[in-house]
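Data block below; observations after.
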Amino acid sequence: MKIIFIRLINCVLILMLGIEVYSQDLRIYQTPLEWNKERDSLTIEYLNKRHGIHQDDATIVPTMVVVHWTANDSYEKTMAIFKSPFLNGRPELLNQSRLNVSSQYIIERDGTIFQLLPDTIFARHTIGLNYCAIGIENIGSNSMPLTKKQLNANARLIKYLSAKYPIKYVIGHHEYGQLKNTSLWKETDLNYFTNKIDPGDKFMKGLRRKIRKLKLQKLPTNE
Ligand SMILES: [Zn+2]
């Protein structure tokens, strides 16, 4: 009787641990950006002016994930940058697009995943592709390379997103120019483009190895 009881306890423990590991794999902390009327109307304005997409809400159908680094060293600093609905300190862009930058996700250096916006709500993080792309910002920079825990967290998050949405492409921000001459690129000003180095080939190579079973589309080599 005692042995059966201990075995039962073991079974329950294994079951509990299993659930714990499973839920840890997908643990996403919700720290939403405030969605107010200004952010809503600036987003609709951006979709209209920059992407040439005329719609009366801020929704997207995600078919792509763009991976970034923040070029700063903390979640708090990144949230402070994203907080305002208005793009600060770039008056030259005022007539074109006043919407602030943001992303749907931030991943901390220890692999903690924060969600800032729903997956199907627009965020401004990648010229030409925001209208279809979920953005993942990783805390790090050229001098502070992204960590192995971030790599694993990105892979887990992308697998989870691919199960929910028809994700066809996962790209690094530094690769986005390779989509410029495709039908995916939607930017009304063909000269509006900035060269990016985040998150770099090494990180994307490691990430693609971890998500290869998703059978995503390869980037065109048109450059
Ligand atoms: Zn970026």
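Where a number appears in this text, it was derived from the coordinates with a stated rule and is not lab data. Computed from a predicted model, the values in this text were never measured in an experiment.
Quick notes on this one:
- Among the listed pairs 77/213; 196/218; 37/186, those whose Cα-Cα separation exceeds 30 Å are 77/213.
- Both radii were evaluated on the Cα set of the stretch 102-216; the Rg over Rh quotient, with Rh as the Kirkwood radius, amounts to 0.94.
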